[in-house]
Each structure stands twice: as C-alpha cells, then as structure tokens.
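The structure under discussion appears below in the form of structure tokens.
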Amino acid sequence: MGTSITTWENVSAYFTFADNPMALGLFVAGATVIVVGLIRSIIKHENEAFKQHK
Amino acid sequence: MSETPTLESLQAALDAQQAIFEMHQSMNMEVFYWWCTAIMFLIHAGFLAYEMGASRSKNALAAGIKNILALVVIIPTFYLFGWWIYNAFPGGFIPAEASAALPWSQSMGPDAKDLGTGVFWAAFALFGATTGSILSGAVIERIRVSAFLILTIVLGSGVWILGGAWGWHPDGWLLTKLGYHDVGASGVVHAIAGFFTLGVLLNLGARKGKFIDGVAQTISPHSLPMTLIGLMLIIVGFFGFLGGCIIFNGGDTGWTTIYGNPTNLSAFAFNTLMGFSGGIIGCYVATRDPFWTMSGGLVGIISVAAGLDLYDPGLAFIIATCMGVAAVYFAKLLENLGIDDAVGAVAVHGFTGVVAVILVGVFAAGTPNVNGLPPISFMGQLTSAGVMIALGFLPGYGLSLLLKKLNMLRVPEKCEELGIDEVEILAKPYPEAGVPAIAASDVPNKLANTELQGA
C-alpha cells in the first residue's frame, strides 16, 4: 500500500510513501509528537515524583 | 574463432569496468562511515559507564538513564532539523536553499542511487550525541532529566551543527573568510559543547555539599573503576569519531580533510596516539589522580585534534602534555570560582577545544587552503575560537536561565538529598548491597500491573 515504486529498473528513492509528500509530512509530524510527548511525559512524571517526596 | 574487438567494443568494456570500479569505491566509502558510526557508539557506552561511576550510588541510574535518553532524542531531532541546519546555514544566520536535507525530502531515506547521505547523516548525528554527552556529565546529580533533554536537543541538534555549518562545511563562512582549520572538531564539537555546558552550570548551581563555607569539597565517584573503563571506551570511540572527520573521496583524489586539503589516516594515527599519550602524562603529573589521569587521554586528543593532519607527532605530544597540565589548572580555577563541574567537562572539552583551535594558528599559520581560500592564520583561528565560545555559551546560558525561571531546571532539595534514583527513577543500582536477597524488595515492580502480566 505504501510502496513508491512499481519496478526496480532505474529506481532512485524507493522507500515507502517517497512519492507522497502529504504522508511524509504526517510522519514528520508524528515523529515530532513522539519526541515532544516523551519530554512532556517526563516533566509530568517528575512533578508527581517530587510532590510525593516533599 | 573469436571476433576481433572493435574500438567501440573495447570502449564499452572499459566503461563497464569503470562503472564497476566506481560502484565499489562508493561502497567502500559507505562501509568506512558505517563502521566509524558504529565505533562512535562506544563513545556513548563510555559516557554511560563514566557518568554512572562518577555519580554517587544514589544517583547512578539517573545519570545512566539521562545519558541513554540523550542519545535517542538527538538522533530523531537531528533527522528532523539538525541535518538541514548543517546544509542551510554555512553563510551565517540566513538559510540557503537546502530542501534536500529536510526530513520530508526524497533524499532523506533509502535511495538506490545515493550511497552517501545516510552514512554522513548518521556520523553527524553521532557527533551531535557526543556534544549531548559532554553536557551530561557536568550536570549530574541535580539537573532534572526533562530539562537536560531540552538542553541536549538544542545543543546536539541545533547549536553545535550551526557551528559545524560555519566551520566544517566546504562553504562555511569561517573557512571562506578566515581560513578556519579544525579537522578533528576541537572547536565545532568540543569547544561549543564545553562552553554551552559552562552557561548551563552557572544557572544550575553546585551540588548540595560541594562547597562548604566557600571551600570546594570532594564528592567522590561511587565507582572510580567504572569511570576509568568508561573513559577508555570513549577513547576507543574517538577513533570512529576522528575517522568520521576525514573525507573518503571517489576518483583519484584519495583522502582529504573536510576542507578539501590532502591528508590520510596515517597522519591522524600519528597525532591521535601521540596526543593521547601526552595528555595522560600531563594530567597524571599535575594531579596523580586516577580520574584526571584517564581524562588526560581526552584532553590530549582534543588538544591536537584541530591540527591532527598538520602537526609533527613530537609537537603533538608536547602540546598534549602541556594541555594536560593546563586543563587541570583551568578546572581548579572553575572550582575556585564556585562552579561545580562534576566531571571537568568545561576544562577537558571547552577550554582544551578553544586552545586547540588557537594553537593551529600558532603552529600552522600560513598553511594554504585549496580553491583560493584564505590560508590558516593566527587571527583567523583566534577569531574563530571566540565565535565558538560565544556560539556555545550564549544559548546554553540563555536557555538554562529560562528553565530556571520556570522552576524546571533543577530537582528539589529533598530529591537531591534522597537521591534521584529513589525519587524519580524508582530503581536501585545495587539492590542487594545492604539487605539479604530473600527480603521483600522495596523497589516497585514496574511490570506488576501491566495487561500482559500472567497472560
């Protein structure tokens, strides 16, 4: 479903969704959300942990 | 009876052989950087052991988890924007066209015809992770993990690579205007990361108990042997790091520096090893301390890295020995100023990196650059060293000040007293050290309430 090629002849970028800028943009957004979400989750965890040890 | 070859058939055979040769040359280049990147991972294995050992046992796992997470946030953020910064900003602060380095570009993924982008991106991402690790050691035992990760993303995927674009890109303005020479990244990696760290330390403050009545106290590592092994692993990883600093060219060019000047791995081998030895001797003589002795290996290599391709090995040895002594005195100066750098990162990386850049201007001034670029000069190196200091220090100080104002920089005092492992990590590095193994554990079982438990 996500392949960007139909043949290996003269192939260049062949990764999934390489021909679909919208999908690539969405993956970038998803990756950003994961990194930001990780830091946000750590902040939340820290705040709770520090509260328990006041 | 075989046909007589024609000129056309001979030309076709020659073209085919040439294509095969070029493909193998490209593959060799890929293989080289692949293994440089793999060896660079040992830098992070080393920092992991080194920082955990340098912490007191109550903070050992927090130091470790911080180090692991630094690596895994720098890699994706370097994919998202770090590589683009390198390609877009060689001219200063105004971005040039570099759409091929954007993460939604077709160049930023598997491509049958591109045998370079992926391995170069990987090597640079690992350089960035090294800057994060330089910061990581200095701030152990009191920084919040979240604050550290924010700072390390800015440093590892933003600040250092901007310096890389200026001083390590073929079109970087420090090279084209000043003839900047820094082949082994003394400036663009070590000086920038070291002075970024200094900026953070000024806002973070010292560990509780480090200074009593203004007098610096020794906070001993909980495992000095672990720090020594870690430091030696970092040295091993440096061979990947420095290998990644040399350009494997196709055609008949052979090895060049990142500036296009001829060099080879033999030049790097002479001076890396002589620098390593000199640095250890200098730090040992200055301290007789195991931790600083081993740190001297880093000082020695960093002190000659900027001119790794140019120095006489004897000169490299002398420079490294002197810098081993000087770095110790710089670390003492910082302590006298009330700055608590837990592992001496500012002295080892920042101070040494800056002096290393300047020394190239002292000993190698007049060395020409290719393509009509300005030759190496003392003033060019001195100015560039100043740029590296400012580029590292200002963002580190500014961002950590902001985090401090938001009360997000440092763990609470109670947490620092108890230890971050107990409060935040909820794990013990040595759980059976004080109690029999058969006693009920006071460490929570993090898998006890998961859905899959007992499934």
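Using the structure shown, decide if A:Ala49 is facing chain B (nearest Cβ under 7 Å) and among the hydrophobic types (A, V, I, L, M, F, W, C).
yes
Is it the case, given these coordinates, that A:Lys54 is more than 7 Å from every other protein chain (Cβ to nearest Cβ) and loosely packed, with under 13 Cβ neighbours inside 10 Å? Here the answer is no, as A:Lys54 does not meet what is asked. For the residues B:Pro90, B:Pro95, the requirement of being part of a loop (DSSP other than H, G, I, E, B), crowded, with 20+ Cβ neighbours inside 10 Å and not hydroxyl-bearing (Ser, Thr, Tyr) singles out B:Pro90.
Of the residues making up region B:198-209, those that are open to solvent by less than 50 Å² (accessible area, probe 1.4 Å), modelled with pLDDT of 95 or more and out of contact with any Lys or Arg (no Cβ under 9 Å at 6 or more places or on another chain) are B:Leu198, B:Gly199, B:Val200, B:Leu201.
Considering only residues in region A:10-34 that are under 13 Å from B:Tyr79 (Cβ atoms) and surrounded by fewer than 13 Cβ atoms within 10 Å (Cβ to Cβ), the one that is nearest to the other protein chains (Cβ to nearest Cβ) turns out to be A:Ile34. Residues that are open to solvent by less than 60 Å² (accessible area, probe 1.4 Å) and farther than 19 Å from B:Lys58 by Cβ within region B:210-220 comprise B:Phe211, B:Ala216, listed in sequence order.
Checking A:Ala18, A:Ala31, A:Ala13 one by one, the residue that is under 23 Å from B:Trp84 (Cα atoms) and at pLDDT 95 or above is A:Ala31 and no other.
Condition check ((1) in contact with a helix residue (DSSP H, G or I) (Cβ under 8 Å, 6 or more places away or on another chain); (2) among the charged types (D, E, K, R)) across all residues:
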site: B:Ile302; (1), (2): yes, no
site: B:Ala316; (1), (2): yes, no
site: B:Thr321; (1), (2): yes, no
site: B:Asp340; (1), (2): yes, yes
site: B:Phe351; (1), (2): yes, no
site: B:Val357; (1), (2): yes, no
site: B:Gly361; (1), (2): yes, no
site: B:Ala364; (1), (2): no, no
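B:Leu391 fulfils the conditions (1) within 11 Å of another protein chain (Cβ to nearest Cβ); (2) touching a helix residue (DSSP H, G or I) at 6+ places or on another chain (Cβ under 8 Å) except for a single criterion, (1).
Being touching a Gly at 6+ places or on another chain (Cβ under 7 Å) and surrounded by fewer than 24 Cβ atoms within 10 Å (Cβ to Cβ): is that true of B:Phe291 here? Steps first, answer last, please.
Numbers: touching a Gly at 6+ places or on another chain (Cβ under 7 Å): no; surrounded by fewer than 24 Cβ atoms within 10 Å (Cβ to Cβ): yes.
Spelling it out, it is not the case that B:Phe291 is touching a Gly at 6+ places or on another chain (Cβ under 7 Å) and surrounded by fewer than 24 Cβ atoms within 10 Å (Cβ to Cβ).
Could you grab the pairs with beta carbons closer than 8 Å, sequence gap of 6+ or different chains, first residue in region B:9-28 and closer than 20 Å to B:Asp111 by Cβ, second one of a type outside the set (Gly, Ala, Ser) and open to solvent by less than 60 Å² (accessible area, probe 1.4 Å)? Pairs found: B:Ser26/B:Leu115; B:Met27/B:Leu115; B:Asn28/B:Phe248. Scanning region B:365-382 for residues that are buried (at least 18 other Cβ atoms within 10 Å of the Cβ) and within 22 Å of the chain's Cα centre (by Cα) yields a total of 1. Restricting region B:58-72 to residues that are crowded, with 24+ Cβ neighbours inside 10 Å and touching a His at 6+ places or on another chain (Cβ under 9 Å), the residue that is nearest to the other protein chains (Cβ to nearest Cβ) is B:Ala70.
Considering B:Ile65, B:Ile74, the condition of being within 30 Å of B:Pro431 (Cα to Cα) and under 24 Å from the mean Cα position of the chain (by Cα) is satisfied by B:Ile65 alone. Any residue in region B:73-93 that is more than 14 Å from every other protein chain (Cβ to nearest Cβ), of a type outside the set (Asp, Glu) and free of Cβ contacts under 8 Å to residues at least 40 places away in the same chain? Yes, region B:73-93 contains a residue that is more than 14 Å from every other protein chain (Cβ to nearest Cβ), of a type outside the set (Asp, Glu) and free of Cβ contacts under 8 Å to residues at least 40 places away in the same chain.
Of all residues in region B:138-156, one or more are away from every other protein chain (no Cβ under 14 Å), touching a residue at least 12 places away in the same chain (Cβ under 8 Å) and in a helix (DSSP H, G or I). Of the conditions (1) away from chain A (no Cβ under 14 Å); (2) buried (at least 21 other Cβ atoms within 10 Å of the Cβ); (3) without any contact (Cβ under 8 Å) to a residue 40 or more places away in the chain, B:Ser55 satisfies every one except a single condition; which number is it? All conditions are met except number (3).
The values are calculated or read from the model by the stated rules, or taken from the named source; none is laboratory data. As the structure is a prediction and not an experimental result, all values here were calculated from the model. Backbone-built Cβ (ideal geometry, glycine too); neighbour counts: all protein chains shown. Only protein heavy atoms, including side chains, enter the accessible area calculation; ligands, DNA and RNA are left aside. Shrake-Rupley method; radii C 1.70, N 1.55, O 1.52, S 1.80 Å.
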